[in-house]
Every structure is written in C-alpha cells, then in structure tokens.
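The values are calculated or read from the model by the stated rules, or taken from the named source; none is laboratory data. As the structure is a computational prediction, the values presented were derived from the model and not from experiment. Cβ placement follows ideal geometry from the backbone for every residue including glycine, while neighbour counts extend to all protein chains displayed.
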Amino acid sequence: MDDISPKLRDFVLFCAQRRSPEWPAIYDEMTRVAGSKLFQGLGYKDLRQLGLSFSLSGMDKTIQLVKEVTSQNHR
C-alpha cells in the first residue's frame, strides 16, 4: 500500500496517537476527528477523496490501511 497519500497516513497516525492504534478504538477516533475536522480541517468527504472509507462495505480496506500505516510507524 505504498500508494497511501502522505496526508492520509498523517491522519491515521494523528488518530492513533490521540487514542489507540488498536481496532475498533482507532475507528471511533477517526470518525470523531473527521466529524469535527480536527486534523487539517479534513472531513469525511475530504478523507474519502484521499481513499479512506468509513462505510461498512469499505471496512476491510480501511482496516488494512490502518494496519499498514500503524505497523510502518512502529518498525
């Protein structure tokens, strides 16, 4: 998943640092941060354009993205 945008990677790391990198806590934090636009003013629509889906149908991809970003950060 080297095609993750730097802004999206930073969003996930921001959320992981605020709460926890573990699922589902990070999902809750990502939705909270997106809903309030706490990271660089990015909301749901902006994040969707960067490749992050909060929908149930996109959950597997979102989980994989979070695992990829957080595992790279902990190497």
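Taking the stretch 1-24 only, how many residues are aliphatic (A, V, I, L, M) and over 11 Å from the mean Cα position of the chain (by Cα)?
The number of residues fulfilling the criteria is 1.
Please count how many residues of the stretch 4-33 are without any contact (Cβ under 8 Å) to a residue 24 or more places away in the chain and charged (D, E, K, R).
6
Inspect the stretch 19-38 for any residue being of a type in the set (D, E, K, R) and at pLDDT below 95 and give the result as yes or no.
Looking through the stretch 19-38, at least one residue is of a type in the set (D, E, K, R) and at pLDDT below 95.
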